[in-house]
Amino acid sequence: FLSFRRSKMIRDEIVAQSDLVEAISEALKRKGVYSKIKSQLRAEVFHTLEDKTTVAPDKPHDVYLAAELIREFMIKFKLNNSLSVFCEEMGQPSEMAVNREFLGGELGLNTLESDSSVPLLISVLQHLTDKKAEQTV
């Protein structure tokens, strides 16, 4: 009888813990922090597993520019955890080595006339969309 009672208590505790985990998850989702916590956890796991002894090979100039465009996009949208993982995987330095004007110049964009709150990646897409529209006229 005692072992039956003990196993029922353990089962009830497991169910209660499971309900608690689900309730906490739902509350965090409603608060809008669940995705951020999940992203932070992924980044920390990645950093823990990453082998710091390997050196990334040099990247072609186009790949470097694309990575910097993506980095600037992530910075503008405050995707800090994703940015951390991205930089680690790409072998990019933790800080941007080039500024917006340099990137724009390399891509043939006039950054002085563009809205600095709009990421350059979006500006590139707008430029290509405008160019396509001009060609169809």
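Values quoted throughout were computed directly from the atomic coordinates according to the rules given, and no laboratory measurement underlies them. Note that the coordinates shown come from a computational prediction; the quantities given were computed from them, not determined experimentally. Here the Cβ positions follow ideal geometry from the backbone for every residue, glycine too, while neighbour counts run over all protein chains shown.
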Spin-label proximity, residue 66 to the stretch 109-137 - amide N less than 16 Å from point 7 Å beyond Cα toward beta carbon: 121-122, 124-125
FRET efficiency estimate (nearest 0.05) - Cβ-Cβ, residue 125 to residue 94, R0 35 angstrom: 0.85
Distance (nanometres) between label positions extended 7 Å along Cα→Cβ at residue 45 and residue 24: 1.7
Of the trypsin sites (Lys or Arg not before Pro) in the stretch 40-137, those whose Cβ has at most 16 other Cβ within 10 Å and which sit in DSSP loop: 52, 78
Convex hull of Cα atoms in the stretch 57-135, direction-averaged projection (nm²): 5.8
Stretchable slack from residue 110 to residue 77, in nm (0.36 nm times residue separation minus alpha-carbon distance): 9.7 nm
